[in-house]
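A quick write-up on the structure given underneath.
The values are calculated or read from the model by the stated rules, or taken from the named source; none is laboratory data. Everything numeric here is computed off the predicted structure, so don't read it as measured data. Every residue, glycine among them, receives a Cβ derived from its backbone with ideal geometry; neighbour counts consider all protein chains shown. Side chains included, ligands, DNA and RNA excluded: accessible areas come from the protein's heavy atoms. Shrake-Rupley method; radii C 1.70, N 1.55, O 1.52, S 1.80 Å.
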Amino acid sequence: MTVSFSVRRQAAAKYDHGSCGGPVPVFAQALHAQLYGLPTDDDALPTALDALLQATHTATAPEQQTAILQQLAEQLRNATEIIQRYQYQAQWDRLPDSVAEQLREAHDQAQQVTKILDAVAPAFSSQPAAPVPPAAQPRHTASPPAPTTPPAGRRR
């Protein structure tokens with residue numbers, strides 16, 4: 001089997017140098033590894049967010065997906081620190097209070113997202129749990145519930 005990838009010159013201008021995928025060699029390497037059962041590259045994950053985004057397109061192993069989420073959480077920790085420094089700088093430079101307050105809110109939200117990513121990342125590398133069967137329905141049910149909407153009153 002031969003697979004050939006190519007890019008037309010007009011594609012970059014037509015799509016404003018944007019794409020929804022990654023670099024062609026990355027996809028070709030992932031396809032090659034998948035077709036022949038070869039191990040995928042276990043290179044260190046990129047630290048740049050745009051490169052990390054590209055890695056999500058080729059990450060197929062659960063461990064890779066977990067590593068990407070952990071790397072993203074680490075980058076958010078760095079972003080949180082940057083936001084906090086600028087919050088302090090805004091206070092030091094006596095910028096309007098709203099600027100420092102908005103930066104504080106952004107800092108808190110970034111910390112929350114980081115905590116969530118740290119909590120959910122391991123789930124991608126663990127085996128999925130067996131589906132839980134629905135609870136058994138009782139044979140005898142109570143009378144149907146009363147309607148919750150009050151009766152309509154008279155209108156004038």
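So here's what we get for this one:
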item: The range 92-105 residues that are in contact (Cβ under 8 Å) with a residue 12 or more places away in the chain, paired with ones that are open to solvent by less than 80 Å² (accessible area, probe 1.4 Å) (beta carbon under 7 Å, 6 or more apart); result: ALA100/GLN87; ALA100/ALA90; LEU103/ILE83; LEU103/GLN87; LEU103/ALA90; ARG104/GLN87
item: The range 92-128, residues that are assigned to a helix (DSSP H, G or I), under 25 Å from GLN64 (Cβ atoms) and open to solvent by less than 80 Å² (accessible area, probe 1.4 Å); result: ALA110, VAL113, THR114, LEU117, ASP118, ALA119, VAL120, ALA121, PRO122, ALA123
item: Contacts under 9 angstrom Cβ, first residue in the range 107-136 being modelled with pLDDT under 65, partner not aromatic (Phe, Trp, Tyr), 6 or more apart; result: GLN127/PRO62
